[in-house]
1. Carbon and sulfur atoms: what percent of the 1.4 Å accessible area of the chain do they account for?
2. Could you put Lys74, Lys11 in order of accessible surface area, largest first, with the 1.4 Å probe and the full protein assembly present?
3. Using a 1.4 Å probe on the protein heavy atoms only, what accessible surface does Ser78 show? Give it in Å² to the nearest 10.
4. So what's the Cα pair-distance distribution over the chain, bin width 10 Å, in %?
5. Given a 1.4 Å probe and the protein chains all in place, what does the accessible area of Leu117 round to, in Å² to the nearest 10?
6. Among the lysines, select those whose C-alpha is under 22 Å from the C-alpha of Lys108, and discard any that sit fewer than 8 residues away in the same chain.
7. Per residue, how much accessible area does the chain have with a 1.4 Å probe, in Å²?
8. Suppose each label sits 7 Å from its Cα in the direction of the beta carbon; what would the Leu5-Arg100 distance come out to in nanometres?
Amino acid sequence: EYMALKIQRSKDTHTESAIDELEMLTEIRKHEEDPEWVEFLANFEKEYPKQINARLCRPLLLLDNFAHHGIHGKHMCSVFELMGPNLLDVIQHYEYKEKRMPLWLVKKITRDVLLGLVYLHERCKIIHTDLKPEN
């Protein structure tokens with residue numbers, strides 16, 4: 001089974017950021033079954049049946065986390081489910097091909113990002129402060 005491994009640098013500030021991220025990821029997973037969120041997705045899917053698959057609208061799955069102590073210090077490591085390319089990779093793919101990204105894809109990406117932000121803000125009370133294609 002393939003997984004994604006995120007390894008943080010050993011600097012204290014990176015370790016603190018990794019611990020904060022783990023706390024947020026734990027909080028985010030707590031709310032995916034909130035009745036209000038499930039109802040919101042169901043209503044959205046009814047209104048836009050070809051636009052969304054509510055079963056696929058869920059937070060990234062953190063499988064495990066651990067600290068690795070090596071010659072350069074302590075590294076916080078997180079194990080995630082394997083996803084696809086990030087948005088920056090998709091943008092660069094189309095730039096390399098000297099083509100525009102299809103409008104249907106731009107709309108889907110925009111919708112998915114906005115749904116994720118609604119979930120973070122409304123359900124988890126988290127404001128994403130680092131929104132960029134590679135995130």
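The values are calculated or read from the model by the stated rules, or taken from the named source; none is laboratory data. These numbers were taken from a predicted model, which means no experiment stands behind them. Virtual Cβ from ideal backbone geometry, glycine too; neighbours counted across all protein chains shown. Note: areas computed on protein heavy atoms with side chains; ligands, DNA, RNA excluded. Shrake-Rupley method; radii C 1.70, N 1.55, O 1.52, S 1.80 Å.
1. 56 percent
2. The most accessible residue leads, giving Lys11, Lys74.
3. About 10 Å², ignoring ligands and nucleic acids.
4. 10, 32, 35, 19, 4, 0
5. 50 Å²
6. Lys46, Lys50, Lys97, Lys99, Lys132
7. 77 Å²
8. It is 4.3 nm.
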